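*Asks:* Sharing a structure below in structure tokens format, with a few things to ask.
FYI, it's all coordinate maths here, none of it is from the lab. Keep in mind that what you see is a predicted model, and the values were worked out from it rather than measured. Because the Cβ atoms are built from the backbone with ideal geometry, glycine has one as well, and the counts that use them run over all protein chains shown.
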Amino acid sequence: MAEMKINGDRLWASLMEMAKIGATPKGGVCRLALTDLDRDGRNLFVKWCKEAGCTVKVDQMGNIFARRPGRNNNLAPVGTGSHLDSQPTGGRFDGVYGVLAGLEVLRTLNDLKIETERPVEASVWTNEEGSRFAPAMVASGVYAGVFTLEYGLSRADADGKTMGEELKRIGYAGSEPMGGRPVHAFFETHIEQGPILEHEGQTIGVVTDAQGQRWYELTLTGQESHAGPTPMPVRRDALLGAARVIQLVNEIGLKHAPLAVSTVGMINSYPNSRNVIPGKAFLTVDFRCPVNDELTQMDTELKEGVAKIAAASRLEHDLKQIFQYDCVHFDESCVEMVRAGAKRLGYSTRDIVSGAGHDACYMSKVTPTAMIFVPCVGGISHNEIEDAKPEWIEAGGNVLFQAMLAKANELPVVGKSAETVALA
Ligand code: GLV
Ligand code: MN
Ligand code: MN
């Protein structure tokens, strides 16, 4: 029997429609979390889901769940989803692909008039990027019980606006409680955001693991003084200290390569005036590695190195780790479902470790979870030129459809599962 397939043209058209919201001149998207544009993207998703006959619920962190009922709605649903927020110079696929692939699964189930045993849900997770509000994946983190609701709602942007205030302002401060309900399985479809699949000519990345991450914020304080009369030896230049820390961070990444990577992505200098020696510098550090012990070593090297640089540069320093998650190992039976489904559909596959963080990483703490990667052109992401071929997008959607359909028809094992009580 021919395999059932999604409508790839419709999925592509929906992606291109969503990409108009926050479109940038270079062909990308700027749809920062909880801005008016994020609201417009959410509204479009909700409209499409309602047109597909789904019920839509929003939780207290603004996560959206569009549900297509099953034959037995007491059974835990099968979920999928990702995020609609983007980086300031983001692309048309990061996150939004996983959201709209989920919608495409719901639409395809409708087209094929399939009644699944379990309900099926497509979700949007709030502020996955961690760009406007740090840290990343904060709302799926609250959902999974990693962060408290108070912590999530109180995350503030550079202007001091909190997620709680901004959720209310855009009309997405929902009332559903955070998590706490069973989910049978969760799948997230995403572009790889790296070069491996395209380079090797593979269509589907079977994501077995995601690397761990640590994020830091560092403030260096020296002394503002006049750029002309202040002799070089007496300066306490905070920006110079920051430059040395950037070098240190790079050296730590190189020392732990090829597994580890390290980035300083953001720096602010005060007062940022060309003839004032900077008295204060703020910078961020992002460490990633698929081995937790290496991350711990990198952490020690950062702390020791920053202390040395600060002392040698006569600066005060305040280094805070603001975010950490350990490496994730995805559920083997869900991963196998992705691998087997892709093979059955005739797609080439390769096992892969996610370099990026994803909402699926937190979902994996509360339900069996797996991810499906497709290539992106040149491996480029977090960039307006981010691109993917329609056939890759369609292939990932087909694999998602197969995996969700199989999971949505799984019945509880009689006598073994709490769900048999719900069924009785
Ligand atoms: C999110 O995109 C991350 O991996 O930082
Ligand atoms: Mn993403
Ligand atoms: Mn991203």
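*Asks:* Can you give me the C-alpha center-to-center distance between region 291-305 and region 24-50, rounded to a whole angstrom?
*Replies:* 38
*Asks:* Sorting check: for 294-304, 60-70, 34-44, which peptide has the highest mean count of neighbouring beta carbons within 10 Å, and how do the rest follow?
*Replies:* In decreasing order of mean packing, 294-304, 60-70, 34-44 become 60-70, 34-44, 294-304.
*Asks:* Still on this structure, I have one more. What does the charge add up to near VAL78, with Lys and Arg as +1, Asp and Glu as -1, over the other residues with Cβ less than 11 Å from its Cβ?
*Replies:* With Lys, Arg at +1 and Asp, Glu at -1, the neighbours total +1.
*Asks:* Another question, if that's okay. Which ordering of SER364, SER86 is given by a fewest-first count of other beta-carbon atoms within 10 Å?
*Replies:* Placing the least packed residue first, the sequence is SER364, SER86.
*Asks:* Please pull out the direction-averaged projected area of region 283-405, using the convex hull of its alpha-carbon atoms, in nm² to one decimal place.
*Replies:* Taking a quarter of the hull surface, the average projection is 10.3 nm².
*Asks:* Using modelled backbone amide H atoms (1.01 Å from N, in-plane), which distant-in-sequence or interchain residues come within less than 5 Å of ARG155's amide H?
*Replies:* Residues meeting the amide H criterion: MET163, GLY164.
*Asks:* Give me HIS184, HIS358 ranked fewest to most by other Cβ atoms within 10 Å of their Cβ, as a rough exposure proxy.
*Replies:* Least crowded to most crowded, the residues run HIS184, HIS358.
*Asks:* Going toward the positive end of the dipole of region 1-160, with +1 on Lys and Arg Cβ and -1 on Asp and Glu Cβ, which of SER131, GLY8, TYR143 do you reach last?
*Replies:* So the residue we want is GLY8.
*Asks:* Still on this model: Subtract the Cα-Cα distance of THR230 and ASN72 from 0.36 nm times their separation in residues, and report this length gain in nm to one decimal.
*Replies:* Stretched fully, the THR230-ASN72 segment lengthens by 49.3 nm.
*Asks:* Pulled fully out, how much extra length does the chain show between ALA340 and ASP293, if you take 0.36 nm times their separation in residues and subtract their Cα-Cα distance?
*Replies:* Additional length available on full extension: 13.7 nm.
*Asks:* To make sure I understand the rule: partners must be lysines, Cα under 19 Å from the Cα of LYS20, and not fewer than 8 residues away in the same chain. Which ones qualify?
*Replies:* Output for LYS20: LYS47, LYS389.
*Asks:* In addition: Extension gain LYS303-ILE114, at 0.36 nm per residue separation less the Cα-Cα distance, in nm?
*Replies:* 62.5 nm is the gain from fully extending LYS303 to ILE114.
*Asks:* Report Rg (one decimal) and Dmax (nearest whole number) for the chain, counting Cα atoms only, units Å.
*Replies:* My reading of the Cα-based Rg and Dmax gives 22.9, 84 Å.
*Asks:* When a footprinting reagent is the concern and you count Cβ atoms within 10 Å, what order do LYS113, LYS255 take, fewest first?
*Replies:* LYS113, LYS255
*Asks:* Also, quick follow-up: Counting only DSSP beta bridges with both residues in the chain, tell me the antiparallel percent, nearest 5.
*Replies:* Given both bridge residues lie in the chain, the antiparallel proportion sits at roughly 70 percent.
*Asks:* Report the Cys residues of the chain lacking a disulfide-compatible partner, meaning no second Cys Cβ under 4.7 Å from their Cβ.
*Replies:* Taking the Cβ cut-off of 4.7 Å, the unpaired cysteines of the chain are CYS30, CYS289, CYS327, CYS334, CYS361, CYS376.
*Asks:* Residue by residue through region 89-97, what is 3J(HN,Hα) from phi via Karplus (6.51 cos²θ - 1.76 cosθ + 1.60, θ = phi - 60°)? Round to whole Hz and write x for glycine and proline.
*Replies:* Once θ is set to phi - 60°, the couplings for region 89-97 become 10, x, x, 8, 10, 4, x, 4, 4 Hz.
*Asks:* Per residue of the chain, what 222 nm ellipticity follows from adding -39500 (n - 2.57) for every DSSP H run with n ≥ 4, rounded to the nearest 500?
*Replies:* Roughly -10500 deg cm²/dmol at 222 nm, from the helical runs in the chain.
*Asks:* Need one number: the % of Cα-Cα pairs in region 27-95 sitting beyond the 21 Å mark.
*Replies:* Result: 32 percent of Cα pairs exceed 21 Å.
*Asks:* Then there is this: Return a single number: how many Lys pairs in region 271-378, at a sequence separation of 8 or more or on separate chains, have alpha-carbon atoms below 28 angstrom apart.
*Replies:* 7
*Asks:* Kindly write out, for region 401-408 in residue order, the coupling ³J(HN,Hα) from the Karplus curve 6.51 cos²θ - 1.76 cosθ + 1.60 (θ = phi - 60°), rounded to whole Hz, with x marking Gly and Pro.
*Replies:* 4, 4, 5, 5, 4, 4, 5, 6
*Asks:* May I ask you to give the average projected area over all directions of the convex hull of the Cα atoms of region 86-131, in nm² rounded to one decimal?
*Replies:* Approximately 3.8 nm², given one-decimal rounding.
*Asks:* Sticking with this one: Just to check, using Stokes-Einstein with a Kirkwood Rh over alpha carbon pairs, what's the diffusion coefficient of region 153-259 at 25 °C and 0.890 mPa s in µm²/s?
*Replies:* 120
*Asks:* Just to be sure I understand the model, the point goes 7 Å from the Cα along the line to the Cβ. What's the resulting ASP159 to VAL413 distance in nm?
*Replies:* Taking the two extended label points, one gets 5.4 nm.
*Asks:* Let me ask something additional. Mind listing the long-range amide H neighbours of THR189? Cut-off is under 5 Å, sequence gap 5 or more, other chains count too, H placed in the peptide plane at 1.01 Å from N.
*Replies:* Counting only residues 5 or more places away or on other chains, the set is GLY81, ILE372.
*Asks:* Which value in Å does the Kirkwood hydrodynamic radius of region 111-215 take, with 1/r averaged over all unlike C-alpha pairs and then inverted?
*Replies:* 16.8
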